[in-house]
Amino acid sequence: DAMILRQLFAYLFDKGLILVATSNRPPDDLYKNGIQRSNFLPFIDMLKKTSNVVSLDPGIDYRRKALAGADKLFFVTTNPEDQAEEQLAGTFKFMAAKETGAVRDITIRIKGRDVHFDKSCGGVLFSSFEELCARPLWTNDYLKLTQVSHTIIISDIPIMSQKNKTEARRFICLIDTLYDHKIRVVASGVSPYWELFQNTAISDDERLQENRLLIDDLGIKADDKGSLDSGVFSGEEELFAFDRTVSRLTEMQTKDYWKKWK
């Protein structure tokens, strides 16, 4: 996709196109550390020559400001004062009391596959990071959850890094999907949610193992200079995406977000 942008927009600009667009990155950071980015740089130069770039970042995270007075909905398992396990259990019990069904396990049929969860009640699902992100689930699976649940409790979210990047990608996808469909989330993790992704450096051998399928699909040789430093392998893309996840998790704890279900 990145490679065809220059050709596409050169044609459109030549035909008199007026472009009004938003992006979560300035032009110079587009496709940052991407594979064969040098082929993409002419598009950035063309974009800067034909467009006026305006920054809309006020330097204020309004989602964090909206947290004032909100109930605590994320609990740190390593902080005894949070009483994470008791808080999640109490939240589930309180919300389940408002549902008409019984507490039971549930199996959801998704495109011919059965996805099993150990604990639910009506529209409330009590799950774990292991159930949601360690299994081969993706957008369609998470979309199905939004159709059968209005509240999802997620326990025991670990630190995510390049060593479990696949699970991190699923978690990012999960939160994006739940946010887009206004699903309520209560969760616990080993650290505050804004510290859950840590892009700790790993060896090239470890990076090869974590990304073996993608490397093979792209036809990249492990000894290609800088081939494993691309953002798709280095964890930088996940780190960038996780900033959005943190921002969304913050908004998902606000009173205004929860009011959408009242």
If you take the residues in the range 163-215 that are at pLDDT 90 or above, open to solvent by less than 20 Å² (accessible area, probe 1.4 Å) and among the β-branched types (Val, Ile, Thr), which one is farthest from Phe126 (Cα to Cα)?
-> Ile172
Could you count how many residues in the range 37-53 are of a type in the set (Gly, Ala, Ser) and either in a loop (DSSP other than H, G, I, E, B) or surrounded by 14 or more Cβ atoms within 10 Å (Cβ to Cβ) (or both)?
-> 1
Check every one of the strands (runs of 3 or more DSSP E) wholly within the range 71-156 and list those with 1 or more residues that are farther than 23 Å from Tyr193 by Cβ and over 19 Å from the mean Cα position of the chain (by Cα).
-> 104-110, 113-121
State whether the residues of the range 102-110 include one that is in contact (Cβ under 8 Å) with a residue 24 or more places away in the chain and not β-branched (Val, Ile, Thr).
-> no
Among residues of the range 127-154 being open to solvent by less than 30 Å² (accessible area, probe 1.4 Å) and of a type in the set (Val, Ile, Thr), the residue farthest from Met95 (Cα to Cα) is Thr146
Residue that is closer than 27 Å to Glu238 by Cα and not aromatic (Phe, Trp, Tyr), where the choices are Cys121, Cys133 = Cys133
Kindly check whether there is at least one residue in the range 70-80 that is closer than 20 Å to Val185 by Cβ, modelled with pLDDT under 85, loosely packed, with under 14 Cβ neighbours inside 10 Å and of a type outside the set (S, T, N, Q).
-> yes
Name the single residue, out of those in the range 4-20 being open to solvent by less than 80 Å² (accessible area, probe 1.4 Å) and touching a residue at least 12 places away in the same chain (Cβ under 8 Å), that is nearest to Leu56 (Cα to Cα).
-> Leu19
With respect to the numbered conditions (1) over 22 Å from the mean Cα position of the chain (by Cα); (2) open to solvent by less than 40 Å² (accessible area, probe 1.4 Å); (3) touching a residue at least 24 places away in the same chain (Cβ under 8 Å); (4) over 29 Å from Asp256 (Cα atoms), which one is the sole condition not fulfilled by Gly34?
-> (1)
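The values are calculated or read from the model by the stated rules, or taken from the named source; none is laboratory data. Bear in mind that the values here come from a model prediction, so they are computed numbers and not experimental data. Methodologically, a virtual Cβ is constructed for each residue, glycine included, from the backbone with ideal geometry; neighbour enumeration extends over all protein chains shown. Areas reflect the complete protein model, heavy atoms only, side chains present, ligands, DNA and RNA absent. Shrake-Rupley method; radii C 1.70, N 1.55, O 1.52, S 1.80 Å.
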